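Handing you this structure, nothing more for now.
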Amino acid sequence: MGIKWRNWALPVAALALPATGCVSTQGAPAEPTVAPSASGARSVARVCAKPAAGPAKAPAGAVTVDPAVVGDLAAKTLSSPPNSTFWLRPGKHRLEPDRYSQVIPKKGNRYVGAPGAVLDGRKTNQYAFGGTASDVTIRHLTVEGFVAPHNEGVVNHDSADGWVIEHTKIQHNSGAGLMVGARQRVRANCLRGNGQYGMNAYKGTGRVSGLVVEGNEIVANNTDDWERRRPGCGCTGGVKFWAVDGADVRGNWVHDNRGAGLWADTNNNDFRIEDNVIEANDGAALIYEISYNAVIRKNTIRRNNWVEGRRYADGGDTFPFATVYLSEAGGEPRIHARTDKIEIYRNVLENNWSGITLWENADRFCNSPANTSSGDCTLLVRDTDRCTRPAIATAPLFADCRWKTQRVDIHHNRFVLDTSVVGCTAKCDRMAVLANYGTYPDWSPYQGERVAEAITHKQHNRWRDNVYLGPWKFVAHDPSRVLDFGQWQSAPYQQDAGSTLDPRAGG
């Protein structure tokens, strides 16, 4: 589902916040702490280690499900009316031993687990809960051992709308632990050790809208290492968002995932990503790719991208791989959202592999063979066939057939880098705004330096009022232009007005 990186290799916090100190990666992760939020909260829960317990007795009117009876949950769901409540007794609950056996809820059903209630797929069943019924609730249940195929999910397999998933462990499954429909609420869950994603916010038809992802622990996902199995697939990490229109992602602890922590890929819009702790992911903490309009604020982002960043650097790659990576993503006032730009502010980024990279692939646009998002077009055009010659060379298609990294405002963040902690001597210290030299296809109207000039000077991307601690460098226009802080602040770039840099203060 999309390729994250640039074309020439062609696979494709708060200013006043205290520094969090140099963090060791040895042993168990430290208790995650974040800056105070509007609600006054200072930490995110260790949901996997300290889950909230379900009711020890059946709620009034609930149907009791017996773990000793194979298939009892699916059978009682089938025989009960909509809006029924099911209480799963302690023990391991099993489905019939057929790979397609699953629970098919009816509208408004509620599934509540007693302490110790586990729905176990026994590495036989592909799906736990499927079907199209809306407004289903699952609470206090462990769901594990299911074997969903690649790009499919175990809970809410068919991306039905209005589901609420709370205080549930979805762990040690293949594929994605959880799929997403419109108006879904995902709160205080442990999404751990799943083969591909902890959660895949993708709906086969239409767009996902009104998504809330709050207070979850999303840890150690992509155990099947799909980027190794399918190089360039762009199909790994903690959470993947695809064509989501309106999402609040807040108060989550996203850590130790193989690949990116959070990845919004292809025509997402109107995101608020706030008050999260995102740390120790092998890849970027956050990728926001060919998408629109977002607020990214008050997050603690540390020790990300050490594995992937170092791998590319050791291979001689000069691209500024960063922990927050915006790829053909920007603000667009013509698309309705709670903001008309991408605003990144009041975050603390500490000891990651590089900082923030704003990137635009000059060869990636609607109807280009270099567009890795399989026929998708921008939200301004929709019809890919319109983006062809000669019309694409003239207004409005010249502008609207291309996803643009534009209207990005990066301010009042704290960037800390101690190279002795990261364990690097070069290429881990970059902040960047750049594009490649356009070459492909031969009918492209974006050839040459047109896009590099636009993203660097004309698309209202700016850094301001930030604090830099450590030996930061800056890249503009293309990877060969590595600047010091004075050059970055001076003409023609004129970035980081009001910002300060102390190269000796990162440790």
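Taking residue 427 as the anchor, which lysines have their alpha carbon closer than 21 Å to its alpha carbon, excluding any fewer than eight residues away along the same chain?
Filter leaves 4, 473.
Which of 499, 118, 255 sits closest to the plus end of the dipole of the chain, meaning its Cα is farthest towards the positive end, when Lys and Arg get +1 and Asp and Glu get -1 on the C-beta?
118
Something else: Largest first and to the nearest Å, give the Cα extent of the range 134-229 along each principal axis.
Reported extents, whole Å, longest axis first: 34, 30, 19.
Please turn the phi angles of the range 320-334 into ³J(HN,Hα) values with the Karplus equation 6.51 cos²θ - 1.76 cosθ + 1.60 (θ = phi - 60°), one per residue in order, whole Hz, x for glycine and proline.
Once rounded to whole Hz, the list reads x, 5, 10, 7, 10, 10, 9, 10, 6, 9, x, x, 9, x, 7.
Give a residue-ordered list of calculated ³J(HN,Hα) values for the range 174-186 (Karplus: 6.51 cos²θ - 1.76 cosθ + 1.60, θ = phi - 60°; whole Hz; x for Gly, Pro).
8, x, 8, x, 9, 9, 9, x, 5, 6, 7, 10, 10
Still on this structure, please answer the following. What do you reckon, how do 64, 236 stack up by accessible area (1.4 Å probe), largest on top?
64, 236
Can you give the helix-only mean residue ellipticity at 222 nm for the chain, where every DSSP H stretch with n ≥ 4 adds -39500 (n - 2.57) and the sum goes over all residues, rounded to the nearest 500 deg cm²/dmol?
Dividing the helical sum by the residues of the chain leaves -1500 deg cm²/dmol.
Another question, then. May I ask which of 240/404; 50/106; 169/240 have a Cα-Cα span longer than 23 Å here?
Cα-Cα > 23 Å for 50/106; rest within.
Further question: State the Cα centre-to-centre distance between the range 300-338 and the range 87-151 in whole Å.
Value for the Cα centre distance between the two parts: 36 Å.
What ranking, highest mean first, results for peptides 191-200, 331-340, 386-395 when packing means the other Cβ atoms within 10 Å averaged over each residue?
Per-residue mean Cβ counts within 10 Å order the peptides as 191-200, 331-340, 386-395.
Ordered by residue, what ³J(HN,Hα) values in Hz, to whole numbers, does the range 58-66 give under the Karplus form 6.51 cos²θ - 1.76 cosθ + 1.60, where θ = phi - 60° and Gly and Pro are x?
Working through the residues one at a time gives 5, x, 4, x, 6, 8, 7, 10, 9 Hz.
Using the alpha carbons of the range 265-328, what is the convex hull volume per residue in cubic angstrom, as a whole number?
Considering the Cα atoms of the range 265-328, their hull volume per residue is 78 Å³.
Find the Cα radius of gyration of the range 191-348, compare it with 2.2 N^0.38 Å by division, and give the number to two decimals.
0.97
Another question, then. Sort 488-501, 298-311 by packing, meaning the average of other beta carbons within 10 Å per residue, with the highest value first.
298-311, 488-501
While we're here: Just from the alpha-carbon atoms, what are the Rg and Dmax of the chain in angstroms?
In order Rg, Dmax, the Cα atoms of the chain give 23.1, 74 Å.
Using a 1.4 Å probe and ignoring any ligands, DNA or RNA, find the accessible area of residue 98 and quote it in Å² to the nearest 10.
Looks like 80 Å² after rounding.
Quick check: pseudo-label points 7 Å beyond the Cα along Cα→Cβ at residue 490 and residue 318, how many nm apart are they?
2.1
Something else: With the convex hull built on the Cα atoms of the range 383-507, state its orientation-averaged projected area in nm².
Orientation-averaged projected area of the Cα hull: 9.3 nm².
Based on the mean of other Cβ atoms within 10 Å per residue, sort peptides 460-467, 53-60 so the most packed one is first.
460-467, 53-60
Next up: Say each of residue 134 and residue 442 gets a label point 7 Å from the Cα, pointing the same way as Cα to Cβ; how far apart are those two points in nm?
Inter-label distance under the simple model: 5.2 nm.
Sticking with this one: Size of the range 84-175 along its principal axes in angstrom, Cα-based, largest extent first?
Sorted largest first, the three principal extents are 28, 28, 21 Å.
The values are calculated or read from the model by the stated rules, or taken from the named source; none is laboratory data. Remember, it's a predicted structure, so these values are computed and weren't measured experimentally. As a convention, Cβ positions derive from the backbone with ideal geometry for all residues, glycine included, and neighbour counts pool all protein chains shown. Each accessible area value is taken on the protein alone, full model and side chains, heavy atoms only, with ligands, DNA and RNA left out. Shrake-Rupley method; radii C 1.70, N 1.55, O 1.52, S 1.80 Å.
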